[in-house]
Amino acid sequence: AKARQHLPFLQRAGKVSGVCEFVMSGSRLKIYVPKQSVSIAFSPSGVKCPGKDEDFSADAIAFTRSKALQRNVEITVENVDKIGTFLGSITIESGGNKIDLGESLLESGLAKLHQMTELPNGQALAAAQEKAQAKKIGIWSKEQETRPEPQASKASPVAREEVSVVITEMVDANTFYVQYT
């Protein structure tokens, strides 16, 4: 709810300067916006890095930390997701150059495009992902395994037994105790 309160101000402002305070994952950052005196969770639109305990997750976090942590950034907020993470584009000032974080992650093969909706920089992001796929780097280095479609088993159906019970205690939605009647 608090994120939704700040959304109109950040959208109207266009490009907003900030400082990256913390890297939560390869594509999720904590940005301090001094103009609004607020810290926000931010993620590049349409870009998804591998989750915890997945291949290349640690590489994506290390890459993002090396590029963004404690650096000046410019964000353009487009929307906010259901958990309060702001979505948009993020450019990082690095050695006089400005780089787009989402594009860099895709180009390095450390992220995938996960939205097929129209993004303002969608063509650039798609091109960056195609470069990584062509070079077979990062997450694209492992061949995509084709899983055979499950075939219907020809075994006989499992025999089911119906039993009458009475619920004696219900702890929560997933835990309950029964007694045979």
Helix-derived mean residue ellipticity, 222 nm - over the chain, DSSP H n ≥ 4, -39500 (n - 2.57), to 500
-7500 deg cm²/dmol
For the chain, modelled as a GNM with alpha-carbon contacts under 10 angstrom, which of 51, 109, 96 fluctuates the most?
96
Using amide H atoms built in the peptide plane, which far-off residues or other-chain residues are under 5 Å from residue 71 H to H?
20
What is the gain in length, in nm to one decimal, between residue 30 and residue 99 on full extension, counting 0.36 nm per residue of separation less the C-alpha to C-alpha distance?
23.1 nm
Structure shown: which of 52/112; 2/112; 2/82; 67/98 lie over 18 Å apart, alpha-carbon to alpha-carbon?
2/112
What are the ³J(HN,Hα) couplings of segment 25-40, residue after residue, when phi is run through the Karplus curve with 6.51, -1.76, 1.60 and θ = phi - 60°? Round to Hz, x for glycine and proline.
7, x, 10, 9, 10, 9, 10, 9, 10, x, 4, 9, 6, 9, 9, 10
Using amide H atoms built 1.01 Å from N in the peptide plane, name the residues 5+ places from residue 27, or on other chains, whose amide H lies under 5 Å from its own.
49
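Every number in this text was worked out from the coordinates using simple rules, so none of it is lab data. Note that this is a predicted model, so its numbers are computed, not measured.
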